[in-house]
Amino acid sequence: MVDVKGRWAFITGASRGIGYLTAKLMAEKGCNLILHGRTPEHCEKVLSEIQAMGVEAYVVAAELSDIDAVEKMLDKIDRNGTEVDIVLNNAGMQIAYRTDYFKTPVSDYTESFKINTIAPAMICYHFMPKMIERGFGRIVNTTSGISLEPEQAGYSASKAALDKITIDLGSKVEGTDVMINLTDPGWCRTDLGGPHAPNAPESAIPGIVVGAFVDDKKSGRYLNAPFFAGLTLEEAVAKAEKDFDSPYGK
């Protein structure tokens, strides 16, 4: 299992919900953090709590639907001189639930893809070459298990596209110490999942971060958080390495 103490992780959507819990877990393991939120003010609480845990941390802000803002955010991280070892692309947006799905507007797709596909892809493209150059890196992209629901077509299509990007990129680093995998927190009671979701956000811990800690040089896997419910982080990592193989064949 990877020791993240002293390493730097970049977490999108870190101000609340799954991202907030992820930030707290990573800090408990001694990981320094770059915390992303839509505004700096959104991250004040988590930043204060993280710094009180004795790790280094700072905030970057960007509206992920604004491509220029995403580029400026990444440039700020570079100018700070931070070598990012771990990327947790947690942030996402569920645009709408369309009962009359044959009237789904084009904007459901364009907005979903900007936030759920293009922004995380830009982040991968920015940090992954640096990871390859240094010989170490972990990227975990958050996907969704939603299927057969045209009511959520924009959201589910954007996540399916992110799956494709992740698996294709993973084929280029398979067998190396730069790994990129997928995770899914399940349907949790967050701002995205809504108040009637069956699972508490805490149920996604530790599974949501397993991809940051695995150490078996395998990429492209769907490390679904509910598979690891009730396990310690150490048990979850061992299960991921034993039971989940890359999709690339032998």
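The conditions of being in contact (Cβ under 8 Å) with a residue 24 or more places away in the chain, among the small types (Gly, Ala, Ser) and closer than 21 Å to Thr183 by Cα are met by Ser112. Which of the residues that make up segment 215-238 are open to solvent by less than 70 Å² (accessible area, probe 1.4 Å) and assigned to a helix (DSSP H, G or I)? Across segment 215-238, the qualifying residues are Ala225, Pro226, Phe228, Leu233, Ala236, Val237, Ala238. Residues that are hydroxyl-bearing (Ser, Thr, Tyr) and touching a Ser or Thr at 6+ places or on another chain (Cβ under 8 Å) occur in segment 117-135; there is at least one.
Just so you know, in segment 34-44 the residues that are out of contact with any helix residue (DSSP H, G or I) (no Cβ under 6 Å at 6 or more places or on another chain) and not hydrophobic (A, V, I, L, M, F, W, C) include one that is least open to solvent (accessible area, probe 1.4 Å), and it is His36. Identification of strands (runs of 3 or more DSSP E) wholly contained in segment 1-72 with 1 or more residues that are more than 29 Å from Ser158 (Cα to Cα), of a type outside the set (Val, Ile, Thr) and in contact (Cβ under 8 Å) with a residue 12 or more places away in the chain yields 32-37, 57-61. Scanning segment 212-245 for residues that are modelled with pLDDT of 95 or more and small (Gly, Ala, Ser) yields Ala212, Ser219, Gly220, Ala236, Ala238, Ala240. Of the listed requirements (1) touching a helix residue (DSSP H, G or I) at 6+ places or on another chain (Cβ under 9 Å); (2) polar (S, T, N, Q); (3) within 14 Å of His126 (Cβ to Cβ), Ser65 misses just one: (3). Does Val140 satisfy the criteria of being hydrophobic (A, V, I, L, M, F, W, C) and in contact (Cβ under 8 Å) with a residue 12 or more places away in the chain? Yes.
Residue by residue, here is whether (1) under 26 Å from Arg134 (Cβ atoms); (2) open to solvent by less than 20 Å² (accessible area, probe 1.4 Å); (3) of a type outside the set (A, V, I, L, M, F, W, C) holds:
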residue	(1), (2), (3)
Asn32	yes, yes, yes
Val46	no, yes, no
Met53	yes, no, no
Val59	yes, no, no
Ser65	no, no, yes
Glu71	yes, no, yes
Lys76	yes, no, yes
Asn80	yes, no, yes
Val84	yes, yes, no
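The values are calculated or read from the model by the stated rules, or taken from the named source; none is laboratory data. This one's a predicted model, so the numbers in the text were calculated from it and none came from an experiment. Neighbour counts are summed over all protein chains in view; Cβ atoms, including those assigned to glycine, are modelled from backbone coordinates with ideal geometry. Only protein heavy atoms, including side chains, enter the accessible area calculation; ligands, DNA and RNA are left aside. Shrake-Rupley method; radii C 1.70, N 1.55, O 1.52, S 1.80 Å.
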